[in-house]
1. How large is the convex hull of the C-alpha atoms of the protein assembly as shown per residue, in Å³?
2. Using the Cα atoms of region B:137-293 to build a convex hull, what is its mean projected area in square nanometres?
3. For the charge dipole of the protein assembly as shown, defined by +1 on Lys and Arg C-beta atoms and -1 on Asp and Glu C-beta atoms about the Cα centroid, which residue among B:LEU190, B:SER254, B:ASN135 has the Cα displaced farthest towards the positive pole?
4. Report the number of Lys pairs in chain A whose alpha-carbons are under 12 Å apart, with separation of 8 or more residues or on distinct chains.
5. With +1 on each Lys and Arg Cβ and -1 on each Asp and Glu Cβ, and nothing else charged, work out how big the dipole of region B:223-292 is about its Cα centre, in Debye to the nearest 20.
6. Per residue of A:99-108, count partner chain C-beta atoms within 10 Å of its C-beta, then hand back the mean as an integer.
7. How large is the charge dipole for region B:3-218, taken about the Cα centre, if only the Cβ atoms of Lys, Arg (+1) and Asp, Glu (-1) carry charge, to the nearest 20 debye?
8. Report, in debye and to the nearest 20, how large the dipole of the protein assembly as shown comes out about its Cα centre when Lys and Arg carry +1 and Asp and Glu carry -1 on their Cβ.
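Coordinate-derived values only; no laboratory data. All values derive from a computational prediction rather than experimental measurement. Note that we place each Cβ from the backbone using ideal geometry, even for glycine, and neighbour counts take in every protein chain shown.
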Amino acid sequence: MNIFAFETKTQMKSFLIWAASLLALFLIFVSAFYGPFMTSKDAVQSALSSLPPAFSAIFGVSMDSLFSYGGFFSFLYTYVSLAGAIMASFIALSAFSREKRSKCVDFLFTKPVGRGRIFILKFLSCLTFIFIMNVLFILSSILSYTGNDQDPSEIGTLVLASLSLFFLQVLFLAIGILYAVFAKKVRSPSGAATALGFAGFILMAIHSLIHEDFLRYISPLNYFSPNSVFSTGGYELEYAVTAAAVVTVCIAVSFIKYCKNDTQAI
Amino acid sequence: MSAVIETKNLTKYYGKCRGIIDVNLSVEEGEIFGFIGPNGAGKSTTIRTLLSLIYKTSGEARIFGLDCEADKVKILEEVGYLPSEVFYYDNMRAIDLFKYSASFYKKDCSKRIAELAELLQVDLHKKIEDMSLGNKKKVGIIQGLLHSPRLIILDEPTSGLDPLMQKTFFDLIKEENKRGATVLFSSHILSEIQHICDRVAIIKEGQIVAVQKISELQQSAYKNVSFTVKSGAVPTDIAVDGAQNIEVSGASVSFIFKGDINRLLSEITKYPLLNVDITEPSLEDIFLHYYAE
């Protein structure tokens, strides 16, 4: 447990900054734009229709569903998910490259604790952060939902849609761990995390533009869509399964590599 | 007496690159065992294999009679390790590192930490990254000894320490040894091994070339011979049976000698001598001899 405590304590500050910024951004956007958006529906509609369709596709603007809370949430979620992906990758990269970055792998690996145990405790520490983050996010989205006079009976759908972020973050946690374990060197976790997040964003943009179904399988940011929850009441099974497979493979492969790898001498 | 460290044909290849080949070592309980060789000979590879930081290609490695890979966790409870390069977490004070390190052992180490910090004069509340190399090394030493391990593995421990601190460090290691700890001391500096170790293994290109008692090494039949002649009588060709590595500089001649001492003397007395020295060779000389082969 000491590793869990150490990891959690070390990471706490950056987690708090990330969580506060992300939630503040979300709440500010909702409170600043939802009202004006809904009241100026016609003006917005005509302004958006004058833009090329490719443009609105990239920015996640879908005209039919925009003017509902769900539509607005999905639109906002595009950016929340990008930030969330970067955050989760950052947490993973930071935890799993900590010894590599400070060149003290020898220190930790010569303590009386198995590498498998180290891996699991680091992973649990990361998961705890993601869990807390998403409890806060769901609370925030409930707050924004009820604050905007939405139907209280639909709150279950909202919670399910908000869980998109949790699944997405677990997915990027796994990808981040894979990166951290396999990279020879991780200079800056924030740099690498940003790169992973934007790579996801580019894949998402390509998928939005080309609309080929197979492209969605390689676009992790598209696996869990709040839009689908608001319109059909659930996630799309094939992408949820893909996500589960990606997470399992990333974690399993990283675990084996972490346990079996020869530790590089400095 | 039982073997604390025992390896049988321990071999490690990094891909196709040689690490160590067929290393057979046996370190007895309570001894200070030197492990010597130049950079890249395989000292660190052997140590890192023993600690399961890297995994052997073949052979066997046991510590306290337990398998180094299968029983790693159990072994490491009683092993203290000081790596040759000391790096620790960013933004960490010495005391935080020690507390984290101590949290891995099932005993209270706070008293020992305070003692060691006092002895080595380490500022516990300073950030490690702001410390000089020597002070980082001290942090490493404390980190390796704070749980009073049964086996202490030191990989080139003295680099960065000033001579005074080296002496403190050697005294500390001797004290740990008296307490009952076995010590594996790897180095490329022979003089330090000479002072502290009981036995020494010499490793060359991944293979052990000799394991000997320090006392025996020095009692080998080799002698260092040097003599100085009056100016004007500089010897140009010297041929003595059994002389090796003959060096002539100015009016001085020196070489390593093994053979009939009478013939050596009668040969030398042919010159108008100013001075003659016949001494025990230092370990450096013996070492060079092993490596010259």
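1. On the way: hull volume 118.8 nm³, N = 559.
Cα-based convex hull of the protein assembly as shown, divided per residue, equals 212 Å³.
2. 11.9 nm²
3. Positive-most Cα among the choices belongs to B:ASN135.
4. Numbers: A:LYS9/A:LYS122; A:LYS100/A:LYS184; A:LYS100/A:LYS185; A:LYS103/A:LYS184; A:LYS103/A:LYS185.
So the count works out to 5.
5. Using only the charged Cβ atoms, the result is roughly 220 debye.
6. Numbers: counts 3, 0, 3, 8, 6, 10, 3, 12, 12, 4.
Across the residues of A:99-108, the mean count of other-chain Cβ atoms within 10 Å is 6.
7. Numbers: 29 positive and 30 negative charges, 55 e Å.
Roughly 260 debye, rounded to the nearest 20.
8. Values: 51 positive and 53 negative charges, 67 e Å.
The calculation lands at about 320 debye.
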